[in-house]
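Reading through the structure tokens given below for one structure.
The values are calculated or read from the model by the stated rules, or taken from the named source; none is laboratory data. Keep in mind that this is a model prediction, so the values were computed, not measured. Positions of Cβ are generated from backbone atoms using ideal geometry, with glycine treated the same way; all protein chains shown enter the neighbour counts. These accessible areas exclude ligands, DNA and RNA; they are computed on the full protein's heavy atoms, side chains included. Shrake-Rupley method; radii C 1.70, N 1.55, O 1.52, S 1.80 Å.
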Amino acid sequence: MTTPDPKADLLRYLQEARDALLWKLDGLSEYDIRRPLTPTGTNLLGLVKHTAGVELGYFGDTFGRPFFGENPPAWWYTRDAEPDADMWATPDESREDIAGLYRRAWEHADATIAALPLDATGHVPWWPEERRETTLHHILVRVIADTSRHAGHADIVRELIDGAVGLTPGKDSMGPGGRDRWEAHRRRLEEAARRAGATG
């Protein structure tokens, strides 16, 4: 039995979540990737934009490797941005720009991960002073959890848009059955919920 490489394991799970999130944009119109589908405005392109910023911050600034150098641009990534600016795309921000930024964020993050040991110390500038010091291992776990969470959001948003489901291309993890089976399943769950509600 070969000894697993902890860093490689962590990076594999991070990359799977990245790929899943970006894949959810495929085949959709500009309107559909941007439209808010929850009361708090959750949308697919905004999720990608947000996770790009997460990686740039946590794997860049935290370890003294800022993606933008000493002069970051005056946009959503800076401290002066309006609230939630990283969670949606303006009409001037293209799908290609945001997806491209996300891929460049991966490259920057992967270079940081390759260059540093898991116990390397970093400092998160936006955390409270008393707990800013952290490790690459902690940041990797945190970003995997964050990206996976947002990939789950994207799963639901995409299903609401056009019914498309699945974990990754060729691996939907949904079990057997087509649309008829899922419609029957949903009706059964609705009936169970109504019956429980009537007695509760």
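Assuming charge only on the beta carbon of Lys and Arg (+1) and of Asp and Glu (-1), the dipole of the chain about its Cα centre is about 800 debye to the nearest 20.
Average accessible surface for the stretch 23-155: 53 Å² per residue, computed with a 1.4 Å probe over protein heavy atoms with every protein chain in place.
If one computes the Cα centroid of the stretch 102-118 and of the stretch 133-200, what distance in Å separates the two points? Answer, in whole Å: 28.
Computed over the chain, the alpha-carbon pair-distance distribution with 10 angstrom bins reads 8, 29, 31, 19, 10, 2, 0, each value a whole percent. Legend: P(r) of the stretch 1-55 from all alpha carbon pair distances, 10 Å bins from 0, whole percents, reading 20, 40, 23, 12, 5. Taking amide hydrogens as placed 1.01 Å from N in the peptide plane, the amide H of T42 sits under 5 Å from those of L37, each at least 5 positions away in sequence or on another chain.
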